[in-house]
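Undergrad: Structure provided below as structure tokens; questions to follow.
The values are calculated or read from the model by the stated rules, or taken from the named source; none is laboratory data. The model shown is predicted, which means the values in this text are computed figures rather than measured ones. We place every Cβ from the backbone using ideal geometry, glycine too, and count neighbours over all the protein chains shown.
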Amino acid sequence: AAVGAVVERRVDEGINEFRKAVDANVVMLQRLTPTQLRAVFEVFDKDADGEVTPEDMKVGLRMIGVETTEEKLAELLCEGENFDNNCQTVIDFAHFNRWWQSRVKEGPVTKITSTEEWGDILARDGDSRLIVLQVGFTFCRPCLAFGPKYEKLAQEYSESRFVKVNGNENRSTIELCRDQLAIERTPTFVFYKNKEEVHRHTGTDLDVFHEAMAKHLVPASASVDAA
């Protein structure tokens, strides 16, 4: 049951982001992990054959409450250099992923909801970028208040990967934060370099955050206003 809840939440988050993308040319959305994006693709791949046809897409959009015209559907499936001009051509996940990357401008912070998604990020970026993980709880007022500043920090230090997780989101995040990360208070910020933890601190002091970034990464020139 717990696994089912995680999968359902992952699909819901991905679908909500996808729904926003359908009616916009370029939109700013939450950055999705490969697992989350694949969950979206699987909703449209109704016969689970690894390919999506225009009809699959039409049915999938209707399933999530999005009505679309033939013209909009053709634009969705055939837009850009990553797609063939023939709108009847089926697309696989790799094509779908390229469409997403070309159409959607992702936000600076990735929200994860499972240990699997955290593993995705470490595997993808752990050897090449500094990863900053913010751990909070849904009832943590300082965590919520710090959210906009964390977004600005992610934009300032854009060469790093910024991630956030709520430790009480579900059983998977509880295990991640309690057992793997040993989080005792929030918000806690954990820095990873070469897939290894190199720093952690608790609290919302921006000076402490910038000092940690300066130690583990060449800092950006601008600074986030504490106000």
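Undergrad: Of these, TYR150, TYR192, which one is at pLDDT 95 or above and touching a Phe, Trp or Tyr at 6+ places or on another chain (Cβ under 8 Å)? Before you say what the answer is, go through the steps one by one.
TA: Details: TYR192 fails: touching a Phe, Trp or Tyr at 6+ places or on another chain (Cβ under 8 Å).
Just a single option satisfies the conditions, and that option is TYR150.
Undergrad: From the list GLU117, GLU197, which one is in contact with a strand residue (DSSP E or B) (Cβ under 9 Å, 6 or more places away or on another chain), buried (at least 18 other Cβ atoms within 10 Å of the Cβ) and among the acidic types (Asp, Glu)? Write out each step before concluding.
TA: Numbers: GLU197 fails: buried (at least 18 other Cβ atoms within 10 Å of the Cβ).
Only one candidate passes the filter, namely GLU117.
Undergrad: Filter segment 127-156 for residues that are in a loop (DSSP other than H, G, I, E, B) and within 17 Å of the chain's Cα centre (by Cα); which is farthest from ASP205 (Cα to Cα)?
TA: First, pick out the residues of segment 127-156 that are in a loop (DSSP other than H, G, I, E, B): 127-130, 137-140.
If we keep only those that are within 17 Å of the chain's Cα centre (by Cα) as well, we get 129-130.
Numbers: ARG129: 23, LEU130: 20 Å.
Filtering first and then ranking leaves ARG129.
Undergrad: When you check GLU197 against the structure, is it part of a helix (DSSP H, G or I) and not small (Gly, Ala, Ser), yes or no?
TA: Working: part of a helix (DSSP H, G or I): no; not small (Gly, Ala, Ser): yes.
It is false that GLU197 is part of a helix (DSSP H, G or I) and not small (Gly, Ala, Ser).
Undergrad: Another one. Mind checking which residues of segment 37-62 are in a loop (DSSP other than H, G, I, E, B) and on the phi < 0 side of the Ramachandran plot? I'd like the intermediate steps shown before the answer.
TA: Step one: list which residues in segment 37-62 are in a loop (DSSP other than H, G, I, E, B), which gives 45-50, 53.
Across segment 37-62, the qualifying residues are ASP45, LYS46, ASP47, ASP49, THR53.
Undergrad: Which pairs turn up if I take residues in segment 36-51 that are under 15 Å from GLU117 (Cβ atoms) and look for partners that are of a type in the set (Lys, Arg) with beta carbon separation below 6 Å, at least 6 apart in sequence or on another chain?
TA: If the second residue must be of a type in the set (Lys, Arg), the pairs left are GLN36/ARG10; ALA39/ARG10.
Undergrad: Right, another one. Quick check on segment 157-181: of everything there that is part of a strand (DSSP E or B) and of a type in the set (A, V, I, L, M), which residue is farthest from the chain's Cα centre (by Cα)? Quick ask: steps written out before the conclusion?
TA: Let us first name the residues in segment 157-181 that are part of a strand (DSSP E or B), namely 161-166.
Next, from what is left, pick out any that are of a type in the set (A, V, I, L, M): 163, 165.
On the way: VAL163: 8, VAL165: 11 Å.
Ranking the candidates gives VAL165 first.
Undergrad: Does segment 199-214 include one or more residues that are modelled with pLDDT under 95 and basic (Lys, Arg)?
TA: Looking for residues that are modelled with pLDDT under 95 and basic (Lys, Arg), one finds none in segment 199-214, hence no.
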